[in-house]
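The values are calculated or read from the model by the stated rules, or taken from the named source; none is laboratory data. Quick caveat, the model's predicted, so the values are computed rather than measured. As a convention, Cβ positions derive from the backbone with ideal geometry for all residues, glycine included, and neighbour counts pool all protein chains shown.
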Amino acid sequence: MLADSLRFSLELEGFSARLCDEISLFSSLAATERPGCLVLDQDVFDHMVEGKSDRLLAETSVPVVLLVEGTTRRLLERANAASIAKIVEKPLLGEILVEAVRDVIDAGSLGLTVNRKKSRSFSPPPPPT
């Protein structure tokens, strides 16, 4: 399972990581020790948008790293509205996820706002048709 692999990788880097489902997500966020962050998959985020619970992400003080298959203008607008701290595109090559997690945790512990641009440089999405 990808989530277990990501958890294992983050733990190898010295982070404390735990898995949660959509039901336990917000109670887990409330109990998160600071500094911390949430790594959220695009499928879960899309489900949250459909259920109108994405606004809860904007209200939490825990920064969010969003893992996506690819970016579109619509996804970027939704991520910005939900106050997503960083977007990381899959496949996860090298240390990109670990770097994103470190960035948002470091910024959060300093009280800074994380740059919401993508973690890597990708060409912009095509204009809507």
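Observations, loosely collected:
- Pairs where the first residue, in the range 14-29, is free of Cβ contacts under 8 Å to residues at least 60 places away in the same chain and farther than 17 Å from ALA58 by Cβ and the second is acidic (Asp, Glu) and assigned to a helix (DSSP H, G or I), C-beta under 7 Å, 6+ apart: ALA17/GLU11
- Search result, residues across the range 75-98 that are among the β-branched types (Val, Ile, Thr), under 18 Å from GLU13 (Cβ atoms) and not in a helix (DSSP H, G or I): VAL88
- LEU75 vs. criteria modelled with pLDDT of 90 or more, surrounded by 11 or more Cβ atoms within 10 Å (Cβ to Cβ) and touching a Pro at 6+ places or on another chain (Cβ under 9 Å): yes
- Single residue of LEU6, LEU29 found to be assigned to a helix (DSSP H, G or I), within 18 Å of VAL98 (Cα to Cα), under 14 Å from the mean Cα position of the chain (by Cα) and not charged (D, E, K, R): LEU6
- Subset of the range 53-89 [closer than 17 Å to ARG102 by Cα and touching a strand residue (DSSP E or B) at 6+ places or on another chain (Cβ under 8 Å)]: VAL62, PRO63, VAL64, VAL65, LEU66, LEU67, ILE84, ALA85, LYS86, ILE87, VAL88, GLU89
- If you filter the range 33-52 down to residues that are outside any helix (DSSP H, G or I) and within 15 Å of the chain's Cα centre (by Cα), you find that the one that is farthest from ARG74 (Cα to Cα) is PRO35.
- Filtering the range 11-26 for residues that are among the hydroxyl-bearing types (Ser, Thr, Tyr), surrounded by 12 or more Cβ atoms within 10 Å (Cβ to Cβ), within 16 Å of the chain's Cα centre (by Cα) and farther than 23 Å from THR71 by Cβ leaves an empty set.
- In the range 78-93, of all residues being farther than 23 Å from PRO35 by Cα and of a type outside the set (A, V, I, L, M, F, W, C), the one that is surrounded by the fewest Cβ atoms within 10 Å (Cβ to Cβ) corresponds to PRO91.
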